[in-house]
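Inspection log for the structure reproduced underneath, given as structure tokens.
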Amino acid sequence: MSPKSIAAAVMKRHPELKDLKPRHLRLVRKAITDAIVLSSHDVLSPEETDGEFRKRVPDSGNPSAALRAYRKRAGLTQRGLSRKSGIPQPHIAAMESGKRPIGLIAAKKLALAFGADYRRLV
């Protein structure tokens, strides 16, 4: 499988990436391709792969982007997530926009609603 076809498969598996601006989407595709090429030449550990990806896509560890991606992947509106998690909708909106930090308690409630690991949201 070529790096481009693998990058296409990753993009298909993560439809929330299509919400990115075209410039950022190109960076993500390039980062995926670079990571595949790097790992085919030198076997990288998961930590090294993650480090290379974060170098190429600096905001990839952004909790607010992760929250938005999880919510969209689950097919929930902010109001629906609010009902499911017990967190007020304005707080969810502020967390997604980065105006409000996602605290540990909120991250655990949100992760429970998504069935995900809370550490991705803090």
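The values are calculated or read from the model by the stated rules, or taken from the named source; none is laboratory data. As the structure is a prediction and not an experimental result, all values here were calculated from the model. FYI the Cβ positions are ideal-geometry reconstructions off the backbone, even for glycines, and counts take in every protein chain you see.
Specify the residue that is nearest to Y70 (Cα to Cα); the eligible residues are those in the stretch 85-102 that are in contact with a Leu (Cβ under 8 Å, 6 or more places away or on another chain) and outside any helix (DSSP H, G or I).
By that ranking, first place goes to I102.
Inspect the stretch 59-73 for any residue being surrounded by fewer than 18 Cβ atoms within 10 Å (Cβ to Cβ), modelled with pLDDT of 85 or more and on the phi > 0 side of the Ramachandran plot and give the result as yes or no.
So far as the stretch 59-73 goes, no, none of its residues is surrounded by fewer than 18 Cβ atoms within 10 Å (Cβ to Cβ), modelled with pLDDT of 85 or more and on the phi > 0 side of the Ramachandran plot.
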